[in-house]
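**Q** Please find one structure pasted underneath; my questions will follow.
The values are calculated or read from the model by the stated rules, or taken from the named source; none is laboratory data. No experiment lies behind these values; they were computed from the predicted model shown. As a convention, Cβ positions derive from the backbone with ideal geometry for all residues, glycine included, and neighbour counts pool all protein chains shown.
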Amino acid sequence: MKKFITLFEKTENIHLIKDVGQIPYLMHIYFGYDSTIVTYKNNNSYPYLNNEVKGLKLEFIPKIKFGRYSLSILWYLFLNSKKIDVLHMFHHREKTYLNFLMYKWRNPKGIAFLKSDIGLNSIKEYDGFIPVKRLKYAMRQWLFKKVIPKLDIITIETKEGYDYICNKYPEYANRMLFMSNSIDIERMHELVAPKKFQAKENIILTVGRIGAKEKNNEMLLSAIKTIDLKNWKVVFVGPINESFKSIINNFYNNNPDLVEKVIFTGAIYDRKLLFEWYARSKIFCLTSIEESFGFVLIEAMSYGNYIITTPISSANEITQNQKFGRIVSDQNILSKTLEKNIENQIDIENCFHSTLEYAENKFGSNKILNILQQNIFTKM
């Protein structure tokens, strides 16, 4: 059985149902890898190991660091690289490059797989993977030049980002792989099946860390104040930042008529309960300033939700250039878009079934990870 190792030192229980855990877990399920995440022990327990990622292993290493570099990971790789068939890491960072250099030194035939996890906007801003004109990134740039000939697979999550990168580094284009982020739709629908459109409720849903600066939840709250929700509700799902609670209180004090219509659930860690909100809702709204991808959007689409999002890196790709939603640049446009939906001026029912089909075909993990496995197979 071939060994697939994901190195992610900050792994917490929640990461097991995100790409950190889902990639090695599904590579185990689909292709029979012996999959392990190597990490520090960041939680006292990891309950998702027992009910969501059965068969995935965690291996804990001591937290021994020298600045940003993990000496314990380097020592782990020194001892174990020859037993690792595929080494998987995230992000273009100095420590990531250094870890890969250690791995390829100890195991030149092993597959080094780097998931870039970088948004299109950042790729364009940096003119590549790294801000080349910034002095503080000189070490990262130097290490990148050393490691890129040794990397076997570098994935980019958007097609436009992939094209940009291949043009930027043409001599290494054969190492680049366009691999969209994906979700285990089969598992989601096993927990909660999609509803028929007629059974859905008039709910506008948003999911995330409520009140986090980058989530920009104030934009949605401000938009709500300017429109008549009629028989619609707006539901915010996710842990609420302490600093945001006063903003919520002020919102209710100034808009007492909306107390019953604007709901904050707090954190929901039970995946079944979370997916039930997706299944009940008709519209999903994301107002983030920036996201490297936006997993919540494709989760919502897998339940047929109409998408309203700000122009994050993946917005055009996820909505297929607004075929399955609208991209809004400011609060006024958001207000008008929400109002049109509430007034039934946008026929979201008409694209309900095509949204479900598109999400499964475009973002289903079984299809996406098959592309990765084929790429690994050709390079082994």
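**Q** Determine whether Ile153 is surrounded by 16 or more Cβ atoms within 10 Å (Cβ to Cβ), modelled with pLDDT under 95 and of a type in the set (A, V, I, L, M).
**A** Taking the combined requirement at face value, the residue does not satisfy it.
**Q** Taking strands (runs of 3 or more DSSP E) that fall entirely within segment 6-100, which contain at least 3 residues that are of a type outside the set (Val, Ile, Thr)? Show your work before the answer.
**A** On the way: elements: 34-39, 57-60, 86-90.
In segment 6-100, the matching strands (runs of 3 or more DSSP E) lie at 57-60, 86-90.
**Q** Looking at (1) in contact (Cβ under 8 Å) with a residue 60 or more places away in the chain; (2) touching a strand residue (DSSP E or B) at 6+ places or on another chain (Cβ under 9 Å), can you tell me which one Ile318 breaks?
**A** Just one mismatch for Ile318, condition (1).
**Q** Can you tell me which residue is surrounded by the most Cβ atoms within 10 Å (Cβ to Cβ) among those in segment 283-305 that are touching a Phe, Trp or Tyr at 6+ places or on another chain (Cβ under 9 Å), over 23 Å from Glu160 (Cα atoms) and not small (Gly, Ala, Ser)?
**A** Result: Asn305.
**Q** For Val132, all conditions in the list (1) buried (at least 17 other Cβ atoms within 10 Å of the Cβ); (2) farther than 30 Å from Lys272 by Cα; (3) among the aliphatic types (A, V, I, L, M) hold save one; what is the number of the exception?
**A** Evaluating Val132 over (1) buried (at least 17 other Cβ atoms within 10 Å of the Cβ); (2) farther than 30 Å from Lys272 by Cα; (3) among the aliphatic types (A, V, I, L, M) leaves (1) as the failure.
**Q** What residue, among those in segment 38-48 that are under 15 Å from Tyr269 (Cα atoms) and crowded, with 18+ Cβ neighbours inside 10 Å, is nearest to the chain's Cα centre (by Cα)?
**A** Tyr48
**Q** Okay, moving on. Quick one: in segment 253-293, of everything that is hydroxyl-bearing (Ser, Thr, Tyr) and out of contact with any helix residue (DSSP H, G or I) (no Cβ under 7 Å at 6 or more places or on another chain), which residue is nearest to Ser314 (Cα to Cα)?
**A** Looking only at segment 253-293, we keep the residues that are hydroxyl-bearing (Ser, Thr, Tyr), and these are 265, 269, 278, 281, 287-288, 292.
Keeping just the survivors that are out of contact with any helix residue (DSSP H, G or I) (no Cβ under 7 Å at 6 or more places or on another chain) gives 265, 269, 281, 292.
Working: Thr265: 27, Tyr269: 25, Ser281: 22, Ser292: 7 Å.
Of everything passing the filter in segment 253-293, Ser292 is nearest to Ser314 (Cα to Cα).
**Q** If you don't mind, another one. If you check Ser302, Ser314, which single one turns out to be modelled with pLDDT of 95 or more and closer than 21 Å to Asn361 by Cβ?
**A** Ser302
**Q** To continue, here is another question. Would you please name the residue that is nearest to Lys115 (Cα to Cα), looking only at residues in segment 165-177 that are touching a Gly at 6+ places or on another chain (Cβ under 9 Å) and either outside any helix (DSSP H, G or I) or β-branched (Val, Ile, Thr) (or both)?
**A** Within segment 165-177, the match that is nearest to Lys115 (Cα to Cα) is Ile165.
Rundown of residues vs (1) free of Cβ contacts under 8 Å to residues at least 12 places away in the same chain; (2) exposed (fewer than 14 other Cβ atoms within 10 Å of the Cβ); (3) under 25 Å from the mean Cα position of the chain (by Cα), yes/no style:
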{"position": "Ile342", "(1), (2), (3)": "no, no, no"}
{"position": "Ile346", "(1), (2), (3)": "no, no, no"}
{"position": "Cys351", "(1), (2), (3)": "no, no, yes"}
{"position": "Ser354", "(1), (2), (3)": "no, yes, yes"}
{"position": "Gly364", "(1), (2), (3)": "no, no, yes"}
{"position": "Ile368", "(1), (2), (3)": "no, no, yes"}
{"position": "Ile376", "(1), (2), (3)": "no, no, yes"}
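Table: residues versus (1) assigned by TED's automatic domain parsing to the domain that holds Ser292; (2) within 22 Å of Phe295 (Cβ to Cβ); (3) within 26 Å of the chain's Cα centre (by Cα); (4) not in a loop (DSSP other than H, G, I, E, B).
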site: Gly128; (1), (2), (3), (4): no, no, yes, no
site: Pro131; (1), (2), (3), (4): no, no, yes, no
site: Phe144; (1), (2), (3), (4): no, no, yes, yes
site: Thr155; (1), (2), (3), (4): no, yes, yes, yes
site: Asp163; (1), (2), (3), (4): no, no, yes, yes
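**Q** Residue by residue through segment 68-110, note down the ones that are in contact (Cβ under 8 Å) with a residue 60 or more places away in the chain, within 18 Å of Met139 (Cβ to Cβ) and not hydrophobic (A, V, I, L, M, F, W, C).
**A** Ser70, Asn99, listed by residue number.
**Q** Quick check, is Ser70 surrounded by 14 or more Cβ atoms within 10 Å (Cβ to Cβ), hydroxyl-bearing (Ser, Thr, Tyr) and touching a Phe, Trp or Tyr at 6+ places or on another chain (Cβ under 6 Å)?
**A** Numbers: surrounded by 14 or more Cβ atoms within 10 Å (Cβ to Cβ): yes; hydroxyl-bearing (Ser, Thr, Tyr): yes; touching a Phe, Trp or Tyr at 6+ places or on another chain (Cβ under 6 Å): no.
Here the answer is no, as Ser70 does not meet what is asked.
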